[in-house]
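Below is one structure; the comments refer to it alone.
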(Lines give C-alpha, C1' and ligand atoms only; values in the text may rest on other atoms or scores of the structure.)
Protein backbone atom coordinates (compact mmCIF):
# COMPACT_ATOMS: atom_id res chain seq x y z
CA UNK A 1 0.00 0.00 0.00
CA UNK A 2 1.35 3.45 -0.91
CA UNK A 3 0.41 6.90 0.36
CA UNK A 4 1.24 10.14 -1.40
CA UNK A 5 1.35 13.46 0.44
CA UNK A 6 2.17 17.00 -0.64
CA UNK A 7 5.30 18.61 0.81
CA UNK A 8 4.69 22.15 2.11
CA UNK A 9 7.28 24.90 2.55
CA UNK A 10 7.21 26.48 6.03
CA UNK A 11 9.78 29.24 6.25
CA UNK A 12 13.22 27.67 5.92
CA UNK A 13 11.92 24.10 6.35
CA UNK A 14 9.32 21.74 4.91
CA UNK A 15 6.47 19.71 6.40
CA UNK A 16 3.81 17.20 5.44
CA UNK A 17 0.89 15.42 7.11
CA UNK A 18 0.79 11.85 8.40
CA UNK A 19 -1.90 9.84 6.56
CA UNK A 20 -4.86 8.91 8.79
CA UNK A 21 -4.68 5.15 8.02
CA UNK A 22 -1.27 5.12 9.74
CA UNK A 23 -2.80 6.68 12.85
CA UNK A 24 -5.84 4.42 13.22
CA UNK A 25 -4.05 1.92 15.47
CA UNK A 26 -2.88 4.61 17.91
CA UNK A 27 -4.76 5.34 21.13
CA UNK A 28 -5.83 8.97 20.62
CA UNK A 29 -6.17 9.50 24.38
CA UNK A 30 -2.36 9.17 24.60
CA UNK A 31 0.34 11.46 23.23
CA UNK A 32 2.79 10.05 20.71
CA UNK A 33 6.03 11.05 19.03
CA UNK A 34 6.59 10.34 15.35
CA UNK A 35 10.05 8.86 14.76
CA UNK A 36 11.65 9.02 11.31
CA UNK A 37 14.53 6.56 10.89
CA UNK A 38 16.88 6.39 7.90
CA UNK A 39 18.51 3.10 6.86
CA UNK A 40 21.66 4.20 5.02
CA UNK A 41 22.35 0.73 3.64
CA UNK A 42 18.91 0.47 2.02
CA UNK A 43 18.64 4.22 1.36
CA UNK A 44 15.12 4.13 2.82
CA UNK A 45 13.20 6.10 5.45
CA UNK A 46 10.98 4.39 8.02
CA UNK A 47 8.33 5.87 10.28
CA UNK A 48 7.28 4.62 13.70
CA UNK A 49 5.23 5.94 16.60
CA UNK A 50 6.23 5.93 20.26
CA UNK A 51 3.85 6.67 23.12
CA UNK A 52 5.03 9.46 25.40
CA UNK A 53 5.29 8.54 29.05
CA UNK A 54 4.75 12.11 30.20
CA UNK A 55 2.86 15.01 28.72
CA UNK A 56 4.83 17.91 27.32
CA UNK A 57 4.02 21.29 28.86
CA UNK A 58 1.52 23.14 26.74
CA UNK A 59 2.43 26.55 25.42
CA UNK A 60 0.70 29.44 27.18
CA UNK A 61 -2.16 30.99 25.26
CA UNK A 62 -2.36 34.74 24.94
CA UNK A 63 -5.66 36.51 25.16
CA UNK A 64 -6.38 39.13 22.53
CA UNK A 65 -5.32 42.48 23.86
CA UNK A 66 -2.65 45.11 23.75
CA UNK A 67 0.97 44.45 22.85
CA UNK A 68 1.92 44.52 26.56
CA UNK A 69 -0.42 41.57 27.18
CA UNK A 70 -3.07 43.56 29.04
CA UNK A 71 -6.64 42.63 28.18
CA UNK A 72 -9.07 45.45 27.56
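One residue stands out among those in the range 9-30 that are in contact with a strand residue (DSSP E or B) (Cβ under 7 Å, 6 or more places away or on another chain) and assigned to a loop (DSSP other than H, G, I, E, B): the one that is nearest to residue 47 (Cα to Cα), which is 18.
Here is a yes/no grid of residues against (1) within 24 Å of residue 17 (Cα to Cα); (2) loosely packed, with under 10 Cβ neighbours inside 10 Å; (3) over 17 Å from the mean Cα position of the chain (by Cα); (4) at pLDDT below 90:
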residue: 30; (1), (2), (3), (4): yes, no, no, no
residue: 54; (1), (2), (3), (4): yes, yes, no, yes
residue: 58; (1), (2), (3), (4): yes, yes, no, yes
residue: 62; (1), (2), (3), (4): no, yes, yes, yes
residue: 67; (1), (2), (3), (4): no, yes, yes, yes
residue: 70; (1), (2), (3), (4): no, yes, yes, yes
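The values are calculated or read from the model by the stated rules, or taken from the named source; none is laboratory data. Keep in mind the model is a prediction, meaning the values are calculated, not measured. As a convention, Cβ positions derive from the backbone with ideal geometry for all residues, glycine included, and neighbour counts pool all protein chains shown.
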